[in-house]
Amino acid sequence: MNLRKYVAVPLVWLSLLGGVQAQTTPEVVEVIASVAERLPAAQADSILKAQHKQSNRQFLKNAVLPSAVLIAAGIYTIKDNGFYSSYDAKQDARTEFPHFSTKIDDYIFFVPMVGLYGFNLFSSQNKHDIRRQTGLLLASGALATAIIYPTKILSGQERPNGLPRAFPSGHTAYAFTIATIADKEFRDKSPWISVGAYTIASATGVMRVLNNEHWMSDVLAGAGIGILSVNTVYWLHDKFARNKGLNARMAPTILPNGQLGMGLAVKF
């Protein structure tokens with residue numbers, strides 16, 4: 001098999017799904033909100049209810065469906081399952097790139113985060129101010145972590161390099177968490193910001209496979225978890241905390257794997 005063809009498949013797949021995320025912002029909702037501000041209270045209430053219904057549909061379209069596809073694809077290709085399994089991907093990776101080794105995948109997914117805060121210095125087109133962005137980012141990361149680590153323990157999957165806790169890929173999940181935040185905050189400034197962020201996230205997942213750190217199934221599921229976590233946090237924020245205070249507090253805690261970590265408490 002030619003690995004370049006098969007590595008390109010999940011990369012394009014993830015990028016396309018990320019692209020869907022970047023292109024589905026409904027301008028109609030913004031128009032409705034603008035009109036609502038100019039109408040009497042009773043009329044405005046009915047229009048805002050319609051806006052919430054649209055938001056629910058967008059949540060299903062932008063978060064639940066793409067994430068379900070990615071997570072389902074990850075489950076479908078675990079071990080030797082599926083028409084092109086994780087075992088097939090590993091064999092091709094070892095055959096085509098037997099000496100591939102890099103640590104870039106440990107750091108590259110932070111690039112969109114640097115861009116996120118950098119754009120805040122020069123742009124007024126972000127969706128939220130930097131403090132609220134930080135709260136949303138921390139909440140999204142906390143939700144992703146709450147999904148990732150129990151799933152790693154419950155699934156009991158061994159990594160291709162023999163280490164434990166393979167499924168899903170935490171690196172990929174956090175990469176897509178950061179990319180989705182950047183997309184949501186700056187998609188109106190330029191679609192290329194979203195494309196770049198999701199490309200970096202996808203590259204992170206591919207390198208995890210080439211580095212023999214994760215199976216293809218781990219990467220696909222991790223991407224779905226990252227996208228779902230961010231969209232869930234934004235959906236809840238828009239419903240319950242828009243234009244309200246959002247206070248976040250972090251404190252030391254014990255992670256499900258027994259290691260010391262940080263816990264996040266968000267008060268809406």
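The values are calculated or read from the model by the stated rules, or taken from the named source; none is laboratory data. Note that the structure is predicted; figures quoted are calculated from it, not measured. Cβ coordinates were reconstructed from backbone atoms using ideal geometry, including for glycine residues, and neighbour counts include every protein chain displayed. Surface accessibility is based on the protein's heavy atoms, side chains included, excluding ligands, DNA and RNA. Shrake-Rupley method; radii C 1.70, N 1.55, O 1.52, S 1.80 Å.
The residues on offer are Ser190, Ser169, Ser101, and the sole one that is among the hydroxyl-bearing types (Ser, Thr, Tyr) and in contact with a helix residue (DSSP H, G or I) (Cβ under 6 Å, 6 or more places away or on another chain) is Ser169. Of the residues in the stretch 91-108, not one is of a type in the set (Phe, Trp, Tyr) and in a helix (DSSP H, G or I). Taken over the stretch 179-218, the criterion of being open to solvent by 10 Å² or more (accessible area, probe 1.4 Å) and aliphatic (A, V, I, L, M) is satisfied by Ile193, Val195, Ile200, Ala203, Val206, Met207, Val209, Leu210, Met216. Pro168 satisfies every condition listed in (1) in a loop (DSSP other than H, G, I, E, B); (2) at pLDDT below 95; (3) of a type outside the set (Phe, Trp, Tyr); (4) surrounded by 21 or more Cβ atoms within 10 Å (Cβ to Cβ) except (2).
When residues in the stretch 70-80 are screened for being modelled with pLDDT under 95 and either of a type in the set (S, T, N, Q) or farther than 17 Å from Phe167 by Cβ (or both), 0 of them pass.
Look at the stretch 70-87: where a residue is part of a loop (DSSP other than H, G, I, E, B) and a partner is surrounded by fewer than 18 Cβ atoms within 10 Å (Cβ to Cβ), sitting 6+ places away or on another chain with Cβ atoms under 6 Å, you get Gly82/Tyr76.
Looking at Leu228, Leu220, Leu154, which one is closer than 19 Å to Ala72 by Cα, part of a helix (DSSP H, G or I) and without any contact (Cβ under 8 Å) to a residue 24 or more places away in the chain? Step by step, each of Leu228, Leu220, Leu154 is checked, and only Leu154 is closer than 19 Å to Ala72 by Cα, part of a helix (DSSP H, G or I) and without any contact (Cβ under 8 Å) to a residue 24 or more places away in the chain. Can you pull out every residue in the stretch 104-133 that is among the β-branched types (Val, Ile, Thr), surrounded by fewer than 17 Cβ atoms within 10 Å (Cβ to Cβ) and modelled with pLDDT under 90? Hits for the stretch 104-133 are Val114, Ile130.
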